[in-house]
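First comes the structure, then the notes that go with it.
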Amino acid sequence: MPSLRLATWNIAGARRDGSGPVDLAAVVAGVKAFGADVVAIQEADRLLVRSGRQDQPLAIAEALAADGEWSWSYAPALAGEPLGSLTGPDPGGPAYGNVLLSRLPLSAIEHLRFPAAGGGEQRTSILATVMAGSRPVSVAAAHLSNKQGYNARHLRVLQDALARRAAPRVLAGDLNLPSLALVLASRRGWPESGRGATFPSSRPAQQLDHVLRSDPAGLITVKGTRVVAAPVSDHRALVVDLDVAP
């Protein structure tokens with residue numbers, strides 16, 4: 001039976017404790033250590049002054065590619081310097097957003113953009129398809145609003161977009177919803193695939209980072225979950241192991 005390991009991690013621009021010095025090498029080492037097939041990363045900076053003009057998505061992708069071929073896609077949520085909302089295609093240059101990386105080829109890639117909400121910042125999600133053996137699996141990497149109510153709406157919009165894709169479906173990211181609120185906000189039929197407190201990283205007290213699945217045919221079995229600490233970010237990573245029926 002094919003297996004699929006997913007990881008999600010809000011790296012906070014590779015800053016220690018979310019606000020300290022930038023340590024991209026620690027992020028790269030952490031992502032490699034996951035041993036994941038699919039990785040969803042949030043708050044990745046591209047060419048921003050605050051992170052030393054590093055192209056973090058490219059650097060992470062190139063480091064992973066040293067151990068084999070990887071596919072990846074970057075979806076800026078904000079762009080420019082100073083950062084502002086996007087109204088059109090990615091212009092390149094300074095930006096901040098989400099990365100979806102996969103050792104399995106990504107296909108049918110789509111970027112979903114959520115408008116700035118309640119005085120908060122614009123957020124994005126990346127949707128794609130990977131093959132687990134001969135089985136297509138729809139995946140999404142997301143960072144939802146931290147404004148209550150808006151995050152719930154964004155979650156349902158994203159789940160509706162994924163529902164138009166083939167099942168089984170997996171959604172991973174910093175959803176900015178603790179588990180109880182997530183249950184109330186989510187569409188039916190999207191159980192969590194892993195539990196564990198991820199925030200704040202120094203002393204985790206709640207889970208804001210989740211892996212959800214929509215699997216009406218029962219093709220996915222959850223085999224294990226772990227929360228991974230790292231010296232970078234104010235979030236810990238969530239890693240989930242799945243088996244996918246052929």
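Structure notes:
- Within segment 3-20, considering residues that are modelled with pLDDT of 95 or more and outside any strand (DSSP E or B), the one surrounded by the fewest Cβ atoms within 10 Å (Cβ to Cβ): G13
- G30 vs. criteria surrounded by 18 or more Cβ atoms within 10 Å (Cβ to Cβ), in contact with a helix residue (DSSP H, G or I) (Cβ under 9 Å, 6 or more places away or on another chain), small (G, A, S) and not in a strand (DSSP E or B): no
Residues checked against (1) touching a helix residue (DSSP H, G or I) at 6+ places or on another chain (Cβ under 8 Å); (2) within 25 Å of V31 (Cβ to Cβ):
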position: A167; (1), (2): no, no
position: L177; (1), (2): yes, yes
position: E192; (1), (2): yes, yes
position: G196; (1), (2): no, yes
position: S201; (1), (2): no, yes
position: I220; (1), (2): no, yes
position: T225; (1), (2): no, yes
position: A237; (1), (2): yes, yes
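- Within segment 48-73, restricting attention to residues that are of a type in the set (G, A, S) and surrounded by 15 or more Cβ atoms within 10 Å (Cβ to Cβ), the residue that is farthest from V139 (Cα to Cα) is S51.
- Segment 197-238 - residue that is small (G, A, S) and farther than 28 Å from A166 by Cα and, of those, surrounded by the most Cβ atoms within 10 Å (Cβ to Cβ): S233
- Looking across segment 93-115 at every residue that is assigned to a loop (DSSP other than H, G, I, E, B) and modelled with pLDDT of 95 or more, the one that is nearest to W9 (Cα to Cα) is identified as R103.
- A count restricted to segment 204-232 and to residues that are closer than 18 Å to L177 by Cβ, touching a residue at least 40 places away in the same chain (Cβ under 8 Å), in contact with a Gly (Cβ under 8 Å, 6 or more places away or on another chain) and not hydrophobic (A, V, I, L, M, F, W, C) stands at 3.
- Exactly one residue out of D37, D23 is touching a Lys or Arg at 6+ places or on another chain (Cβ under 8 Å), farther than 28 Å from V130 by Cβ and crowded, with 16+ Cβ neighbours inside 10 Å, and it is D23.
- Neighbours by Cβ (under 6 Å, 6+ apart or cross-chain): first from segment 48-75, closer than 18 Å to L86 by Cβ; second of a type in the set (S, T, Y) and not in a loop (DSSP other than H, G, I, E, B): P57/Y74; A75/T124
- Boolean, V157 is hydrophobic (A, V, I, L, M, F, W, C) and either touching a helix residue (DSSP H, G or I) at 6+ places or on another chain (Cβ under 9 Å) or surrounded by fewer than 20 Cβ atoms within 10 Å (Cβ to Cβ) (or both): yes
- Taking the listed residues S202, S233, the one that is under 18 Å from the mean Cα position of the chain (by Cα) and farther than 23 Å from S3 by Cα is S233, with no other qualifying.
- Assessment of segment 192-212 against the conditions (more than 18 Å from N10 (Cβ to Cβ) and among the β-branched types (V, I, T)) yields no matching residue.
- Residues in segment 127-162 that are under 18 Å from S179 (Cβ atoms), out of contact with any strand residue (DSSP E or B) (no Cβ under 7 Å at 6 or more places or on another chain) and among the hydrophobic types (A, V, I, L, M, F, W, C): A152, L155.
- Segment 100-125 - residue that is in contact (Cβ under 8 Å) with a residue 60 or more places away in the chain and of a type outside the set (K, R) and, of those, farthest from A7 (Cα to Cα): L104
The values are calculated or read from the model by the stated rules, or taken from the named source; none is laboratory data. Worth saying up front: this structure is predicted, and the values here are computed from it rather than measured. Quick reminder, even Gly has a Cβ in these numbers, built from the backbone with ideal geometry, and neighbours come from all protein chains shown.
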